[in-house]
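The structure appears right after this line, and notes come after that.
The values are calculated or read from the model by the stated rules, or taken from the named source; none is laboratory data. This structure is a prediction, so every number in the text was calculated from the model and none was measured. Cβ: placed from backbone, ideal geometry, glycine included. Neighbour counts: every protein chain shown.
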Amino acid sequence: MHYIQKRILDDLRTSDSMKYVELNAYKVESGHFRYHLQQLVKDGYINSTSRGVYTLTDDGKSLVDKLSRGTTIAKSTPKVITYTLLEDNENVYLQKKDKDPYRNLLNMIGGKVHEAETTLEASKRELEEKLGYQIATHLKHRGVFEILIEQNDELFTHVIAFVYSSVVTEKPNGTIQIKKNDLSHKQDLAPDFTKIYERISNDMSPVFETLRISIS
């Protein structure tokens, strides 16, 4: 996004409306400024009302909510994901991951939360998309984990994980069954699964914790 467009949006986000001369308070060359102003109108981010008065549209308000004030580039933010633990009395049911940072390792069923859906809805959607599994029992909220994964002393990814669990009566398709008593001997478990599972297994109330994980 051009810095002039971002400056216009930054100004409009703090006001119900602004006049053309107020928006061009920095005295940018008129033709150049008008081009970027009209581009925002064309893209549907601002409206032009009577006598050169401009306001943010609903799409514009949604856009500026995602952008960092004072910079033309949105700052990276943590991903919001869900993890869902499927288990019975003796076993957990995990899935082999096909993407980094945990490619080929076993972890809970998880994925990103979409805008406008709750984390509970996201958990149910991920189960259906990844396993074809429509949850028939109650999903229990087990906690929220902030996970910072580092590789070679640099941040690889930063996620906020909402963890749910459900008791199943049979092995869901697409999962790998592992006896709970054997988990401590498994070498192909994702490191955050090990830490999260240990934590929620010892506390039935929702857990809130930050995890720092180093991978090679």
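Filter the range 1-44 down to residues that are part of a helix (DSSP H, G or I) and polar (S, T, N, Q) and give me whichever is farthest from the chain's Cα centre (by Cα).
Just the residues of the range 1-44 that are part of a helix (DSSP H, G or I), to begin with: 3-12, 20-23, 30-42.
The next check asks that each one be polar (S, T, N, Q); those that pass are 5, 30, 38-39.
Working: Gln5: 26, Ser30: 40, Gln38: 32, Gln39: 29 Å.
Looking at the filtered set, the residue picked out is Ser30.
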Applying the selection to the range 135-193, what residues are acidic (Asp, Glu) and more than 15 Å from Glu87 (Cβ to Cβ)?
Glu146, Glu150, Asp153, Glu154, Asp188, Asp192
Options Asp188, Asp153: the member that is acidic (Asp, Glu), on the phi > 0 side of the Ramachandran plot and assigned by TED's automatic domain parsing to the domain that holds Asp88:
Asp153
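Sort through Thr169, Thr118 and tell me the only one that's loosely packed, with under 14 Cβ neighbours inside 10 Å, over 21 Å from the mean Cα position of the chain (by Cα) and not hydrophobic (A, V, I, L, M, F, W, C). Don't jump to the end; show me each part of the working.
Values: Thr118 fails: over 21 Å from the mean Cα position of the chain (by Cα).
From the options Thr169, Thr118, the qualifying one is Thr169.
Of Ile147, Ile135, which residue is surrounded by 13 or more Cβ atoms within 10 Å (Cβ to Cβ), at pLDDT below 90 and of a type in the set (A, V, I, L, M)? Give the steps one after another, and end with the answer.
Numbers: Ile147 fails: at pLDDT below 90.
Going through Ile147, Ile135 in turn, just one is surrounded by 13 or more Cβ atoms within 10 Å (Cβ to Cβ), at pLDDT below 90 and of a type in the set (A, V, I, L, M): Ile135.
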May I ask you to list the residues in the range 196-215 that are free of Cβ contacts under 8 Å to residues at least 40 places away in the same chain and either in contact with a Leu (Cβ under 7 Å, 6 or more places away or on another chain) or not assigned by TED's automatic domain parsing to the domain that holds Asn181 (or both)?
none
Can you work out which of the residues in the range 150-165 that are within 14 Å of the chain's Cα centre (by Cα) and under 25 Å from Ile176 (Cβ atoms) is surrounded by the fewest Cβ atoms within 10 Å (Cβ to Cβ)?
Thr157
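So if I check each of Asp203, Asp188, Asp192, which one is surrounded by 11 or more Cβ atoms within 10 Å (Cβ to Cβ), of a type in the set (Asp, Glu), within 25 Å of the chain's Cα centre (by Cα) and over 18 Å from Glu90 (Cβ atoms)?
On the way: Asp203 fails: within 25 Å of the chain's Cα centre (by Cα); Asp188 fails: within 25 Å of the chain's Cα centre (by Cα).
Step by step, each of Asp203, Asp188, Asp192 is checked, and only Asp192 is surrounded by 11 or more Cβ atoms within 10 Å (Cβ to Cβ), of a type in the set (Asp, Glu), within 25 Å of the chain's Cα centre (by Cα) and over 18 Å from Glu90 (Cβ atoms).
Among the residues of the range 80-103, is there at least one that is assigned to a loop (DSSP other than H, G, I, E, B), of a type in the set (Lys, Arg) and modelled with pLDDT of 85 or more?
Taking the range 80-103 first, the residues assigned to a loop (DSSP other than H, G, I, E, B) are 88-90, 97-103.
Going one step further and asking which of them are of a type in the set (Lys, Arg), we end up with 97, 99, 103.
From what is left, the residues that are modelled with pLDDT of 85 or more are 97.
Within the range 80-103 (the criterion being assigned to a loop (DSSP other than H, G, I, E, B), of a type in the set (Lys, Arg) and modelled with pLDDT of 85 or more), the answer is yes, since at least one residue qualifies.
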